[in-house]
Amino acid sequence: MLALLGDSHTRSYKVSDVVATRIFLAPGRRNNFKNNLNLFTTTLRYLRAASKLKSGGLDLAFIIGEPDIRWLAYGRMDIGKNEAVFESEKQLSVDEKALNKLVLRFKLFLIITQFFKYQPSVIIGSGTPNPEIVLASSFLNEKLSNVCKDFGCLFFDPQKFSVLNQERVSEKFIGYSVFNSTQKDWTHLSTAISSPFEEFVRRNHYQQKSVSFGWKKNANFEKYFVEIQNFNTYTPKELWPKKLVKLIGRRIKLLR
């Protein structure tokens, strides 16, 4: 079974007999490879969580790409749009030189995680319902897939299963915002993507292990992870130095 680590896109993949748990590492604006600093912090964040989960006997899966392609296409994370984006006929392109640098950082991530023996068994690429960046997302996934082949890890491309011939995402893969149930989500795919992912893993992940129901105990899970209420998702507990920095920051604000 897999522990799926990543940003808020992890919630598109249901907990099942394939995905044992979902770990939210950080928001997409921080959990990405858009620059070398984010490569370092994202990799560090991943390794800290992966080391605990691996001890429970779980295989590792990592989701990456949508925040990166959004940044390359728009030059910012908050695109300032709403549901109107689904009516757009634009297809945004990205600078190929910048894209190749991003792919190189992804390769470095795999080199580092392989060195520490925590390389993901499965990588989930960019999945977006936003029609303006669907083609760019698919282009990135093609490059990430080629890197994964060299490192012997499986690559799942969500866009191959969600995009129609007209280069738009099928309605069933468009969900609604977790903050507003009447508003379509233009950032995340719906949980309908879970079914093709689970089928993909069952068909291709030959070394998938059966995991004891006691994997949480073996991983000392409750010591290192805390549940995010109402999301059936967990996040690593903060280390005490980070808590201290936040506390000092709050105290300084009160003194102003």
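This table checks each residue for (1) under 25 Å from Asp17 (Cβ atoms); (2) surrounded by 17 or more Cβ atoms within 10 Å (Cβ to Cβ); (3) of a type in the set (S, T, N, Q).
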position: Leu53; (1), (2), (3): yes, yes, no
position: Asn82; (1), (2), (3): no, no, yes
position: Glu87; (1), (2), (3): no, no, no
position: Leu92; (1), (2), (3): no, yes, no
position: Lys97; (1), (2), (3): no, no, no
position: Phe106; (1), (2), (3): no, yes, no
position: Gly125; (1), (2), (3): yes, yes, no
Could you check how many residues of region 119-134 are out of contact with any His (no Cβ under 7 Å at 6 or more places or on another chain) and part of a strand (DSSP E or B)? 2
Of the residues Ala73, Ala20, Ala49, only one is surrounded by 15 or more Cβ atoms within 10 Å (Cβ to Cβ), closer than 22 Å to Asn141 by Cβ and not β-branched (Val, Ile, Thr); which? Ala73
Consider region 1-47. How many of its residues are within 17 Å of Ile112 (Cα to Cα), among the polar types (S, T, N, Q) and assigned to a loop (DSSP other than H, G, I, E, B)? 3
Examine region 104-118 for a residue that is in a loop (DSSP other than H, G, I, E, B), under 18 Å from the mean Cα position of the chain (by Cα) and either modelled with pLDDT of 95 or more or on the phi < 0 side of the Ramachandran plot (or both), and state whether such a residue exists. yes
Based on this model, can you work out whether Thr182 counts as among the β-branched types (Val, Ile, Thr) and surrounded by fewer than 16 Cβ atoms within 10 Å (Cβ to Cβ)? yes
Regarding region 53-61, can at least one residue be identified that is of a type in the set (Lys, Arg) and more than 24 Å from Ala192 (Cα to Cα)? yes
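The values are calculated or read from the model by the stated rules, or taken from the named source; none is laboratory data. Just so it is clear, the structure is predicted and the values come from calculations on it, not from any experiment. Note: ideal-geometry Cβ built from the backbone for every residue, glycine included; neighbour counts use all protein chains shown.
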